Amino acid sequence: MSDQAFYSSLQQKLATLKIDGLFKPERVLASRQGAEVVAQDGRTLINMCANNYLGLSGDVETQNAAAAALEKYGYGLSSVRFICGTQTVHKELEQALSNFLGTEDTILYAAAFDANGGVFEPLFDENDAIISDALNHASIIDGVRLCKAARYRYANNDMADLEKQLIAALDAGKRHKIIVTDGVFSMDGTIAQLDKIVALAEKYGALTMIDESHASGFMGATGRGTHEHCGVIGKIDIITGTLGKALGGAMGGFTSGKKEVIETLRQKSRPYLFSNTLAPMIAGASLAVLERISKSTELRDRLHENTAYFRQEIERIGFTIKPGTHPVVPVMLFEAPVAQKFAARMFELGVLLSGFFYPVVPMGQARVRVQLSAAHTREQLDTVLKAFEQAGKELGIIKN
């Protein structure tokens, strides 16, 4: 530990984050995930900030499925997939995901971050072009950086700018072109215009890829995702997503598409080749979740009812939200310190929320991000809305 200046520098940077109101605290829970959680101090809080869209993270059926897979397959594989780390449950889950998404094949990863990090480099090189939405998830950005393909970026959900970038890639003589977008942008709850994106892809001979982390399981009439919501099932070339949000809430990711794409990833995708196999109890629980939500849209329907109610009422109280229909509801507070103070006050009032600010969102666009769940009751939502109103008035965000 000879370089004390290094540690001093880190201490100064951390202190600056705290002074500027940009430090991200972690709320410690002493219970399972759910619509209500127990904080480390023993208080019960209404949880409004988890990606637990269908309420399955702490669900007993999910837990029992995980326990059954644990009993049958053990705790882990101590190996990567191609050596001795593939079990029948992994192949069954890949097939179930393919059937659910309407694709030919699927490959599992330890996390969705790995799926996006490992998809570009094996498939594209310096002769190709990746046209990426400006607000795509960090995992997509990092995955693109690992690839030698030319990079083009278009303004968020802006179809005119997307077409401009497609023309630029075409004029540059690029061989293969792929348009990459989040299906749903997690900070705003904005849904990508996939029907228009597919039309542009067909016009300019491009491939398409979507990250469905905030869509799989509940977007679309039967929960297949934004490609179902936008009427383009079968027209998206590559779909990535997570098992760690609506589909059970643990961890694990996937990439789904044509068989030759998935087989290439099995042979060359580094996060797949050099990471331990997804734990079998997660695979087993995820398989059970897919079976459950394929039989009924009850949880999806309840989620969207809760979303519509909360969006209506939070605006009635006087808060500004990003428009939309997604269960991500950004309540705009604009300045980082305000978002931090508001989240802290809501915590005192028994509601778990997190403030988001630069660099997670643009400067001056700080917010608390409310995330609705099928597990929330109307009574819980009314309690949360009352807390919003109280905190909003106390902090001068809304008028008395």
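The values are calculated or read from the model by the stated rules, or taken from the named source; none is laboratory data. Keep in mind the model is a prediction, meaning the values are calculated, not measured. Virtual Cβ from ideal backbone geometry, glycine too; neighbours counted across all protein chains shown. Areas reflect the complete protein model, heavy atoms only, side chains present, ligands, DNA and RNA absent. Shrake-Rupley method; radii C 1.70, N 1.55, O 1.52, S 1.80 Å.
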Based on the Kirkwood radius over alpha-carbon pairs, what is the Stokes-Einstein translational diffusion coefficient of region 16-123 at 25 °C with 0.890 mPa s viscosity, in µm²/s?
138 µm²/s
log₁₀ of I(q)/I(0) at q = 0.09, 0.12, 0.15, 0.19 Å⁻¹ - region 252-389, Debye sum with one point per alpha carbon:
-0.44, -0.71, -0.91, -1.05
If you take the beta carbon distance between Cys84 and Thr222 as r and set R0 to 35 Å, what does 1/(1 + (r/R0)^6) give as a FRET efficiency, to the nearest 0.05?
0.45
Along principal axes, largest first, the alpha-carbon spread of region 327-400 in whole Å comes out as 35, 28, 19
At a Cα cut-off below 14 Å, give the aspartates and glutamates reachable from Lys268, other chains included and same-chain residues fewer than 8 away excluded.
Asp114, Glu121, Asp125, Glu260
Give me the orientation-averaged projected area of the Cα convex hull of region 85-143, in nm², one decimal.
5.4 nm²
Need one number: convex hull volume per residue for region 147-275, Cα atoms only, in Å³.
122 Å³
Considering Cα pairs under 8 angstrom that are at least six residues apart, work out the relative contact order of region 60-295 and quote it in whole percent.
32 percent
Relative contact order (percent) for region 209-290, with alpha-carbon contacts under 8 angstrom and 6 or more residues of separation?
22 percent
Could you check what % of the DSSP bridge pairs in region 60-295 are antiparallel, to the nearest 5?
40 percent
Angle check, please: helix 60-73 long axis (alpha carbons) against the longest principal axis of the chain (alpha carbons), in degrees 0 to 90, nearest 10.
40 degrees
Mind pulling the angle between the C-alpha long axis of helix 159-171 and the longest principal axis of the chain? Nearest 10 degrees, somewhere in 0 to 90.
30 degrees
Separation of the Asp142 and Ile317 label points, Cα + 7 Å toward Cβ, nm:
3.4 nm
Taking Lys235 as the anchor, which lysines have their alpha carbon closer than 22 Å to its alpha carbon, excluding any fewer than eight residues away along the same chain?
Lys164, Lys174, Lys177, Lys196, Lys203, Lys258, Lys259
Once the other residues with Cβ under 9 Å from the Cβ of Ser213 are scored (Lys, Arg +1; Asp, Glu -1), what is the net sum?
-2
Cβ-Cβ cut-off under 13 Å around Val370, Lys and Arg +1, Asp and Glu -1: the net charge is +1
Quick one: helix 280-295 against the long Cα principal axis of the chain, what's the angle to the nearest 10°, folded into 0 to 90?
80 degrees
Show which lysines lie in cross-link reach of Lys18 when reach means a straight Cα distance below 20 angstrom and same-chain residues fewer than eight apart are skipped.
Lys341
How much net charge surrounds Val38 when only other residues with a Cβ under 14 Å from its Cβ are counted (Lys, Arg +1; Asp, Glu -1)?
+1
Chymotrypsin sites (Phe, Trp or Tyr not before Pro) within region 33-132: which are DSSP loop residues with at most 14 other Cβ atoms inside 10 Å?
Tyr75
At 1.4 Å probe size, with the rest of the protein present, what percent of the exposed accessible area of the chain is carbon and sulfur atoms?
52 percent
If packing is taken as the mean number of other Cβ atoms within 10 Å per residue, what is the order of 211-219, 331-339, highest first?
211-219, 331-339
For region 60-295, the per residue accessible area (1.4 Å probe, Å²) is 41 Å²
Under the rule a/c < 1.5 gives rounded, and otherwise a/b versus b/c splits prolate from oblate, where does region 60-295 land using the Cα gyration tensor?
prolate
